């Protein structure tokens, strides 16, 4: 079980909740949320997220991470939980 900023994630059951509200997340959104929460505040680069949440055939120049982070932010709601660290990546 992972928890941060009002978000609770049970990776084994693929269930995420924020402030008591269940989140309807897709597989990639859940994978990114798990990677960011497991990092315990460490900045995770877009390259690492792409490498660990997608398969080896993923295009390194794709906007997949950016788009998925954007969708995840919208679903997590306010206040913002995911911080973008310029030239470095993302963290919770």
To the nearest 0.05, how large is the calculated FRET efficiency for residue 47 and residue 71 if R₀ is 30 Å and r is the Cβ-Cβ distance? 0.95
What does the extension gain come out to for residue 57 and residue 40, with contour length at 0.36 nm per residue minus their alpha carbon separation? 3.3 nm
If you average the alpha carbon positions of the range 1-40 and of the range 42-92, how far apart do those two centres end up, in angstrom? 14
On C-alpha positions alone, give me the angle between the axis of helix 27-38 and the longest principal axis of the chain, in degrees, nearest 10. 80
Packing-ranked peptide list from 53-60, 3-10, 32-39, highest mean Cβ count within 10 angstrom first, is 32-39, 3-10, 53-60
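Every read-out reported here was derived from the displayed coordinates using simple, explicitly stated rules and does not represent laboratory data. Since the structure is predicted, the reported quantities are computational estimates derived from the model, not experimental observations. Neighbour counts run over all protein chains shown; Cβ positions are idealised from the backbone, glycine included.
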